[in-house]
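J.: Structure below; questions to follow.
The values are calculated or read from the model by the stated rules, or taken from the named source; none is laboratory data. Here the structure is a predicted model, which is why all the values come from computation and not from measurement. We place every Cβ from the backbone using ideal geometry, glycine too, and count neighbours over all the protein chains shown.
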Amino acid sequence: MFFWLSTTAPATMPVWLGVLIGLIIGSVLTAVAMRLVAGQIIARAKTDSERILSEAELQARNTHQKAELDTEKLMLDRTRDQEKKAEEVRKDLRSQEKRLTKREDQLDRKFDALGLKEDSLAKTSEKLKSREQKLQDREEELEGVLEEQRLALMRISDLTRDEAKEMLLERVEDEVRHDAAKLTRRVIEQAEMESKEKAQEITLMAIQRYAAEVTADSTVRAVPIPSEDMKGRIIGREGRNIRAIERATGADIIVDDTPGVIVVSCFDKVRQTVAAESLQKLIADGRVHPTRIEEIVEGVRADVQERIVKAGSDAGLEVKLRGLHPKIAEAMGKMHFRMSFGQNVLRHSVEVAYLCQIIAEQLGLDGAIARRCGFLHDIGKAMDHEMEGGHPKIGMDFARQHGEKEPVLNAIGGHHADIPSTSFYTPIVMAADAVSSARPGARRESLEKYVQRLEQLQDIALEQKGVEEAYAIQAGREVRVMVDARKITDDEAMLVAKNIADRVSEEMTFPGEIRVTVLRETRAIEYAR
């Protein structure tokens with residue numbers, strides 16, 4: 001177009017003017033073309049926007065309808081849930097209503113029963129008041145009768161008031177003694193019926209379940225000497241060697257005319273063992289002089305100390321004790337060398353520990369605590385020759401110093417009834433101690449002490465009023481007493497048996513228990529001629 005303008009313009013028109021006119025005409029044409037295109041775009045955009053608006057309105061209506069449907073469904077679901085919960089609440093309320101109705105009926109019946117009981121108690125109270133009045137009247141009547149009897153006795157016997165009073169008191173004393181004997185008999189019989197069977201069952205089970213050895217061997221007291229020459233070397237010049245042995249061991253060395261034997265005497269069984277074993281080593285070594293004696297005694301003492309510690313530790317492990325103080329274990333080991341009527345005290349302690357466990361478990365108690373109480377109950381015997389007092393108190397103080405607590409302390413101090421029992425374990429230890437001491441083969445005693453015990457048992461029985469004869473039988477386990485039937489009634493016989501048993505418990509020392517049997521019989525004798 002520009003080319004056309006330039007070729008067709010008059011030759012006289014300047015070129016720049018033609019170019020400017022061409023530019024103006026091109027701009028106008030371009031603007032018109034752009035407006036036409038913009039109008040088409042705007043028309044098309046309006047059409048698209050109207051279509052989008054219609055689709056949006058349709059989608060909005062669909063969404064609104066769907067939301068209304070979802071809301072209606074949700075409301076229906078919630079309504080059904082609420083109705084279901086309401087039905088459960090109604091059921092629960094009906095159930096509670098039934099229970100309340102039932103409880104109300106029960107309360108009504110109880111109220112009626114209480115009313116009947118109240119009436120019955122009122123009647124009983126009236127009867128008791130009436131009986132109390134009768135008893136009071138009877139008491140006044142008896143006082144009057146007694147006063148009449150007192151006056152009659154004074155008139156008949158010409159007694160003073162004090163003499164009559166003394167006679168009356170004696171009569172009342174006899175009556176009260178008779179009533180006390182009857183009451184004692186009834187209480188003892190009832191207690192025996194309730195406890196004897198259960199006690200026998202538990203005790204027999206404990207004895208059967210624990211199989212123990214018979215009397216243990218005693219420690220060595222006599223040391224054999226192979227020849228008289230060796231005996232002389234042991235004695236030494238002017239008794240020098242014997243004195244050195246006694247000074248080093250603390251035991252008495254007895255050399256008499258008995259051939260082939262030297263006797264070691266000492267109350268402390270540990271020192272006795274050290275002395276006896278030192279003598280045996282000196283005899284085997286052949287070199288006997290004070291320096292050698294001190295060396296051997298020190299070596300034997302160290303060996304015995306190791307055996308003591310080992311014996312105590314082994315015994316503690318045997319009875320399954322935890323947290324045992326080393327000093328307590330050592331003290332228990334010393335009892336390996338201690339004997340009581342021929343029974344090894346350490347083995348006795350182990351035996352009592354297991355018996356206590358068995359009895360405690362039968363009674364529903366803690367077997368471990370009972371086992372500890374039984375094992376340590378005689379620990380005071382390890383040091384009672386070194387301290388004043390009985391072995392229960394010594395043992396209790398020693399155990400307290402080394403960390404033992406209740407009820408072990410009470411069992412140690414109270415197993416011989418020296419202090420009151422504060423737990424069930426103390427009487428269990430007492431029973432197990434008696435069972436271990438009294439079982440066949442557990443202990444032995446000298447003939448002289450045995451005879452003295454039997455005589456003392458018979459003498460105590462014969463000192464009772466109305467007793468004619470008394471015999472100790474069953475190796476001193478029972479005493480049978482014959483009483484005069486004219487002086488002692490059946491009820492008083494029970495009182496005699498109790499008095500004898502109390503005196504035997506207080507005045508005698510014996511293992512286990514002693515049975516007291518009182519026999520009363522009436523004999524009618526007549527002769528036909």
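J.: Go through GLU139, GLU166, GLU170 for me and flag whichever is modelled with pLDDT of 70 or more and either surrounded by 11 or more Cβ atoms within 10 Å (Cβ to Cβ) or in contact with a Lys or Arg (Cβ under 7 Å, 6 or more places away or on another chain) (or both).
T.: Only one candidate qualifies: GLU166.
J.: Could you tell me whether GLU294 is at pLDDT 85 or above and either not in a helix (DSSP H, G or I) or not polar (S, T, N, Q) (or both)? Walk me through how you get there before you give the answer.
T.: Working: at pLDDT 85 or above: no; either not in a helix (DSSP H, G or I) or not polar (S, T, N, Q) (or both): yes.
Here the answer is no, as GLU294 does not meet what is asked.
Residues checked against (1) surrounded by fewer than 17 Cβ atoms within 10 Å (Cβ to Cβ); (2) aromatic (Phe, Trp, Tyr); (3) touching a Gly at 6+ places or on another chain (Cβ under 8 Å):
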| residue | (1), (2), (3) |
| --- | --- |
| LYS327 | yes, no, no |
| LYS334 | no, no, yes |
| ARG338 | no, no, no |
| VAL345 | no, no, no |
| SER349 | no, no, yes |
| TYR354 | no, yes, yes |
| ASP366 | yes, no, no |
| ARG372 | no, no, no |
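Conditions tested, residue by residue: (1) assigned to a helix (DSSP H, G or I); (2) touching a Cys at 6+ places or on another chain (Cβ under 9 Å); (3) closer than 16 Å to ILE379 by Cβ; (4) among the aliphatic types (A, V, I, L, M).
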residue: VAL270; (1), (2), (3), (4): yes, no, yes, yes
residue: LYS281; (1), (2), (3), (4): yes, no, no, no
residue: ALA284; (1), (2), (3), (4): yes, no, no, yes
residue: ALA353; (1), (2), (3), (4): yes, yes, yes, yes
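J.: Restricting to the stretch 483-505, and then to whatever is under 43 Å from the mean Cα position of the chain (by Cα) and of a type in the set (A, V, I, L, M), can you tell me which residue is surrounded by the most Cβ atoms within 10 Å (Cβ to Cβ)?
T.: ILE500
J.: Considering only the stretch 379-397, I want to know if a residue exists there that is surrounded by fewer than 24 Cβ atoms within 10 Å (Cβ to Cβ) and over 20 Å from MET335 (Cα atoms).
T.: No, the stretch 379-397 contains no residue that is surrounded by fewer than 24 Cβ atoms within 10 Å (Cβ to Cβ) and over 20 Å from MET335 (Cα atoms).
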